[in-house]
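Let me begin by presenting the structure, written as structure tokens, before commenting on it.
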């Protein structure tokens, strides 16, 4: 996870109050270090069975959801985890279950919508950060298997029962070069037009988010959503 | 939605397989109206089981449909029950296609094959739509309030050929084969303009992956090469077959 995303997230969390946090996947434990003594933090990781500073720690595969004896949390942070799992909706539903009412979920993941990513997909058929790592699923390799854009995240968050996610702006969300603006221009126009024609406030909000810099230019998405009172939609065939 | 072109391509792959392997029992997942089962009966005289999220679409008289929600239920069949399993235009609707592929592997007999089809998000039309608008053909934008998300129109899971092949190999399959149902005529003029840049930048990226990142090996090289092949750039739907190894 890039430093600017970490700083943006820490800044965002500074204004929030929470007492119990789940860090899944914990990775190197940067979130624990950033939160300090503000909250008790539990951690989950695929490769480590313990880590200093965490209240509880599980060695667990998030593709199978959360550990059965997981507690209830005010905040769940899933930093650079969702792109690694094959069943993201199961994990998001489990996050929803493990959050207290009005709890917050934060997900960070590489964004496939920024202009260079779209160009790479045109020329290579692969996204940046999604290399062809067949047969190399070993600790330390970035086996990204599920790519995310803001609309895809939106749909999955809503299906899992969360409120509409917001994407946090971070320094790298801003276009640096003219060609980036140029490449993102058709999508921006398209999203703005859909926003104008939207039939509901929710749809308008969605298209406004899709047309934003964080969605169209950010290298990483930092999505924040609240657990809503509504029940998650049942899964169908 | 499956078309006659898709069924014809599936049948060709199955026909090639039956030259050296027996076909007695067939399972069609997402059987719909039963058209593929009808073709299997006519061509191979196979006994087919149908499986779907609803039985209301089935038009074949007397054909039983096993109702299964593949998002949270396992297939109701014993291990190694079928010689062939087909799932046409199904995986793009699933929450967890990797788990379903593991189920397919379980119910197949050793030496059997599965044949899957899904919209090709790597064709030129899809790549260009993604470049300009952020969406692939046949994948969205999904409605924000989506009661229809899980209906047959709900394509929630776009999978490129590479990741479908990866999922199959991850589930234990081997000998992954790729076909496309038909070439899109509308992509042909675009191919004239885009083919050279795609090949050039594709080769440049290949070189970098091999030399610097070392992410391409014998196992994935054919899959990566296929990504920028002409059938991939023009094909409307990918039809992918994979075998369950005998040992």
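Values in this text are rule-based calculations from the coordinates and carry no lab data. Predicted, not measured: the structure shown is a model, and the values here were computed from it. FYI the Cβ positions are ideal-geometry reconstructions off the backbone, even for glycines, and counts take in every protein chain you see.
What translational diffusion coefficient, to the nearest whole µm²/s, does region A:15-66 have by Stokes-Einstein, given a Kirkwood radius computed over alpha-carbon pairs, a temperature of 25 °C and 0.890 mPa s viscosity? Walk me through the intermediate numbers first.
Details: Rh = 11.2 Å.
This corresponds to a translational diffusion coefficient of 219 µm²/s.
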Does region B:90-247 come out rounded, prolate or oblate by the C-alpha gyration tensor, with a ≥ b ≥ c the root eigenvalues, rounded set by a/c under 1.5 and, if not, prolate when a/b is larger than b/c and oblate if not?
oblate
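So for chain B: antiparallel DSSP bridges make up what percent, rounded to the nearest 5?
Close to 45 percent.
Going by how many other beta carbons lie within 10 Å of each one, how would you line up A:40, A:85, fewest first? Could you put the intermediate results ahead of the total?
Values: A:40 15, A:85 23.
So the residues, fewest neighbours to most, are A:40, A:85.
By its C-alpha gyration tensor, with a ≥ b ≥ c as the square roots of the eigenvalues, how is region B:154-247 shaped: rounded for a/c under 1.5, else prolate for a/b larger than b/c, else oblate? Can you show the working numbers first?
Details: a/c = 2.15, a/b = 1.17, b/c = 1.83.
Judged from the Cα gyration tensor, region B:154-247 comes out oblate (a/c at least 1.5, b/c at or above a/b).
So what's the protein assembly as shown giving for Rg/Rh, alpha carbon basis, Kirkwood Rh from the mean inverse pair distance?
On the way: Rg = 22.8 Å, Rh = 23.6 Å.
Using Cα coordinates only, the ratio equals 0.97.
Determine the percent antiparallel among the DSSP beta bridges restricted to the protein assembly as shown, to the nearest 5.
40
Counting helices only, and only those DSSP H runs with n ≥ 4, report the 222 nm mean residue ellipticity of chain B as the sum of -39,500 (n - 2.57) divided by its residues, in deg cm²/dmol to the nearest 500. Present the calculation step by step, with values, prior to reporting the outcome.
Working: 8 runs with 89 residues, N = 247.
Taking each H run of at least 4 residues, the total per residue is -11000 deg cm²/dmol.
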For chain A, what does -39500 (n - 2.57) per DSSP helix run (n ≥ 4), summed and divided by total residues, give at 222 nm, in deg cm²/dmol to the nearest 500?
-10500 deg cm²/dmol
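Per residue, how big is the convex hull of region A:3-96 when only Cα atoms are used? Give it in Å³. Don't skip to the answer; put the middle values down first.
Numbers: hull volume 9.1 nm³, N = 94.
That works out to 97 Å³ per residue.
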Along its three principal axes, how long is region B:1-149 when you only count alpha carbons? Whole Å, largest extent first please.
47, 31, 29
Going by how many other Cβ atoms sit within 10 Å of their own, how do B:227, B:18, B:88 line up, fewest first?
B:18, B:227, B:88
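From the square roots a ≥ b ≥ c of the eigenvalues of the alpha-carbon gyration tensor of region A:20-170, which class results: rounded (a/c under 1.5), prolate (a/b over b/c), or oblate? Kindly include the intermediate steps, with their values, before the conclusion.
Numbers: a/c = 1.84, a/b = 1.40, b/c = 1.31.
Here region A:20-170 falls in the prolate category.
Could you work out the relative contact order of chain A? I mean the mean sequence separation of Cα pairs under 8 Å and 6+ apart, divided by the number of residues, in percent.
Working: 432 pairs, mean separation 48.3, N = 237.
The normalised contact order for chain A reaches 20 percent.
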Projected onto their principal axes, the Cα atoms of region B:53-128 stretch, largest extent first, over whole-Å spans of 43, 32, 23
Footprinting proxy, B:190, B:244: sorted fewest to most Cβ within 10 Å, the residues are B:190, B:244
